[in-house]
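Okay, so here's the structure we're looking at.
The values are calculated or read from the model by the stated rules, or taken from the named source; none is laboratory data. Computed from a prediction, not measured in an experiment: that's the story for all the values here. Glycine also receives a Cβ, built like all others from the backbone with ideal geometry; neighbour counts cover every protein chain displayed.
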Amino acid sequence: AQIPASIEVERKFVPGPDVEKKLCTLGAVLLEEVTFRDSYYDSPDLLLTLNDNWLRRRQDSWELKHPPQKGARGLKGAATQYMELTSEDDIICRVSEELGVPCPINIESFGLNEFASFVTRRRRFLLPLAEHSNTKVVVDLDEADFGFAVGEVEVLVKTQEEIESAFQKVEEICRQLGVFRETPVQGKVSTFLQMNRADHFRKLVEAHVI
Ligand code: V4E
């Protein structure tokens, strides 16, 4: 059976020195400690990222993050919502639509360029479920190999109706962790671009994507 696409509601934060102690206090458990390489791809004219589509290869799997409604943005701001596609056929379909080209037989055949590649060491924590709640809240503490650390509170939902309460949940957890800020925190890709691809970064800022 096909796995339904999930909507990812998340909020990034600057991990302070006592965030792990706070996680512990909230009863969070360390789920896993993983290290992976992400390589991000776009067309020479940057059509994907300028429309807020993020195609990456994480280790050996392709993934695409895109705004829930075509043409909409992933709600630029402190908290974001993106759809995540992991089936190669779905990704090919979406990318060919975005680029206005016929579907090729595989993703490699789009002839895209790699614009960012870095390794992340991630520690993933799972927060205990509140009573009568069935939403899983995950907190990631990421360290990228270019000297950048970021945290993320994340809730996965299946339907549009669940998004609003997911936003509230994510905000509540950030407050409990003492990391809530009104202003958005830059993620790994944006920071990588700012440091290494100033021109690409500027175009995304001008297009109000980041
Ligand atoms: C840059 C970007 C996206 C691609 C990277 O997504 P991100 O969540 O930063 O990566 P990561 O490694 O944490 O992915 P996960 O393992 O959680 O799947 S998706 C959207 N953007 C743009 C963007 C934005 N406009 N504003 C904010 C606050 N973040 C990202």
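Residues to consider are F125, F110; find the one that is at pLDDT 95 or above, under 23 Å from C24 (Cβ atoms) and more than 16 Å from the chain's Cα centre (by Cα).
On the way: F110 fails: under 23 Å from C24 (Cβ atoms).
When all the criteria are applied, what remains is F125.
Among the listed residues G77, G71, identify the single one that is modelled with pLDDT under 95 and either under 11 Å from the mean Cα position of the chain (by Cα) or more than 12 Å from the ligand (Cβ to nearest atom) (or both).
Numbers: G77 fails: either under 11 Å from the mean Cα position of the chain (by Cα) or more than 12 Å from the ligand (Cβ to nearest atom) (or both).
The match here is G71.
Might you let me know whether region 125-133 holds any residue that is acidic (D, E) and more than 30 Å from L23 (Cβ to Cβ)?
First pass over region 125-133, keeping only residues acidic (D, E): 131.
Now narrow it down to the ones that are more than 30 Å from L23 (Cβ to Cβ): none.
Checking region 125-133: not a single residue is acidic (D, E) and more than 30 Å from L23 (Cβ to Cβ).
Restricting attention to region 56-67, and to residues there that are more than 9 Å from the ligand (Cβ to nearest atom) and not acidic (D, E), which single residue is surrounded by the most Cβ atoms within 10 Å (Cβ to Cβ)?
Quick first cut of region 56-67, residues more than 9 Å from the ligand (Cβ to nearest atom) only: 57, 59-62, 64.
Now narrow it down to the ones that are not acidic (D, E): 57, 59, 61-62, 64.
Working: R57: 17, Q59: 10, S61: 10, W62: 20, L64: 25.
Only one residue fits best here, namely L64.
Going by the structure shown, is L193 in contact with a Phe, Trp or Tyr (Cβ under 7 Å, 6 or more places away or on another chain), of a type in the set (A, V, I, L, M, F, W, C) and part of a helix (DSSP H, G or I)? Give the steps one after another, and end with the answer.
Details: in contact with a Phe, Trp or Tyr (Cβ under 7 Å, 6 or more places away or on another chain): yes; of a type in the set (A, V, I, L, M, F, W, C): yes; part of a helix (DSSP H, G or I): yes.
When the stated conditions are applied, L193 passes them.
State yes or no: is V101 over 25 Å from P68 (Cα atoms), surrounded by fewer than 15 Cβ atoms within 10 Å (Cβ to Cβ) and either within 16 Å of the ligand (Cβ to nearest atom) or at pLDDT 95 or above (or both)?
Details: over 25 Å from P68 (Cα atoms): no; surrounded by fewer than 15 Cβ atoms within 10 Å (Cβ to Cβ): yes; either within 16 Å of the ligand (Cβ to nearest atom) or at pLDDT 95 or above (or both): yes.
Here the answer is no, as V101 does not meet what is asked.
One residue is enough: does region 137-145 have a residue meeting the conditions crowded, with 19+ Cβ neighbours inside 10 Å, farther than 18 Å from P67 by Cα and more than 18 Å from the chain's Cα centre (by Cα)? I'd like the intermediate steps shown before the answer.
If we filter region 137-145 for residues that are crowded, with 19+ Cβ neighbours inside 10 Å, which is where we start, we get 137, 139-141, 144.
Checking which are farther than 18 Å from P67 by Cα leaves us with 137, 139-141, 144.
From the residues that got through so far, the ones that are more than 18 Å from the chain's Cα centre (by Cα) too are none.
Looking through region 137-145, none of the residues is crowded, with 19+ Cβ neighbours inside 10 Å, farther than 18 Å from P67 by Cα and more than 18 Å from the chain's Cα centre (by Cα).
Looking only at region 113-122, which residues are over 20 Å from L31 (Cβ atoms) and either under 19 Å from the mean Cα position of the chain (by Cα) or modelled with pLDDT under 95 (or both)?
Filtering region 113-122 for residues over 20 Å from L31 (Cβ atoms) gives 113-118.
Passing the criteria: E114, F115, A116, S117, F118.
Residues that are among the aromatic types (F, W, Y): find the strands (runs of 3 or more DSSP E) completely inside region 80-175 holding 3 or more of those. Let's see the steps before the verdict.
Numbers: elements: 113-126, 137-144, 148-157.
In region 80-175, the matching strands (runs of 3 or more DSSP E) lie at 113-126.
Select from region 178-210 the residues that are more than 14 Å from the ligand (Cβ to nearest atom) and either in contact with a strand residue (DSSP E or B) (Cβ under 7 Å, 6 or more places away or on another chain) or of a type in the set (D, E, K, R) (or both) and list them in ascending order.
D199, R202
Whether any residue in region 157-170 is surrounded by fewer than 17 Cβ atoms within 10 Å (Cβ to Cβ) and within 12 Å of the ligand (Cβ to nearest atom) is what I want to check.
no
How about region 108-167: which of its residues are touching a helix residue (DSSP H, G or I) at 6+ places or on another chain (Cβ under 8 Å), charged (D, E, K, R) and touching a residue at least 60 places away in the same chain (Cβ under 8 Å)?
Hit for region 108-167 is E154, nothing else.
Filter region 4-52 for residues that are among the β-branched types (V, I, T) and loosely packed, with under 12 Cβ neighbours inside 10 Å; which is nearest to the ligand (Cβ to nearest atom)?
Here is the first cut: in region 4-52, the residues among the β-branched types (V, I, T) are 7, 9, 14, 19, 25, 29, 34-35, 49.
If we keep only those that are loosely packed, with under 12 Cβ neighbours inside 10 Å too, we end up with 25, 29, 35.
Numbers: T25: 24, V29: 19, T35: 12 Å.
Per the stated criteria, the residue is T35.
Take E32 and tell me if it is assigned to a strand (DSSP E or B), at pLDDT 95 or above, of a type outside the set (S, T, Y) and under 14 Å from the mean Cα position of the chain (by Cα).
no
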